[in-house]
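Novice: Provided herewith is a single structure, encoded as structure tokens, for subsequent inquiry.
Read the figures in this text as sums done on the coordinates, not as results from a lab. The model shown is predicted, which means the values in this text are computed figures rather than measured ones. Ideal geometry is used to build each Cβ from the backbone, glycine not excepted, and the neighbour counts take in all protein chains shown.
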Amino acid sequence: MKTKIIDRSNCRPVITQAGNSVALKTGSWRSLEPVLLKENCTNCLLCWLYCPDMSVIVRDGKVEGFDMDYCKGCGICALECPGKKGQKAIRMRKEEKE
């Protein structure tokens, strides 16, 4: 078995400089999408804290939604959400591709 050498010329997309990840919209990888149920949200911001893609949109200390250009649908936000009275504020659903 031959080992393939990977370098910058044959590996794309790759983040080569700090801060250029905003140019690589990764939301198209997603098969599940988060759905916010505001009535169950306590605005604890755990979803924002744990999101590896910084896809949770927060305005004035309140969760407003998700930046679907970058959300990969990993579901960490839904897993960490405590919700109200046992009802989660974030649920994952199968994304319908257009």
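Novice: Spelling out what I want: for every residue of the range 29-36, take phi, set θ = phi - 60°, compute 6.51 cos²θ - 1.76 cosθ + 1.60 (Karplus), and round to whole Hz; glycine and proline get x.
Specialist: These are the phi-based 3J(HN,Hα) values: 6, 6, 10, 10, 10, x, 10, 8 Hz.
Novice: Per the Kirkwood definition applied to all pairs of different Cα atoms, how many angstroms is the hydrodynamic radius of the range 31-92?
Specialist: 11.3 Å
Novice: Separate question: Quick check: net charge around Lys72, other residues with Cβ under 13 Å of its Cβ, Lys/Arg +1 and Asp/Glu -1?
Specialist: Value of the local net charge: -3.
Novice: To make sure I understand, if each residue's beta carbon is the centre and we count other beta carbons within 10 Å, what order do Ile90, Ile57 fall in, fewest to most?
Specialist: Ile57, Ile90
Novice: Need the list of aspartates and glutamates near Lys88 for cross-linking: C-alpha distance under 17 angstrom, and skip anything on the same chain fewer than eight residues off.
Specialist: By straight Cα distance, Lys88 reaches Glu33, Glu39, Glu64, Glu80.
Novice: How many nm is it between the label spots at Trp48 and Glu64, if each spot is 7 Å from the Cα in line with the beta carbon?
Specialist: My value for the distance between the label points is 1.1 nm.
Novice: Sequence-distant or interchain residues sharing an amide H contact under 5 Å with Gly65, placed H: which?
Specialist: Residues meeting the criterion, in which the H sits 1.01 Å from N, are Ile57.
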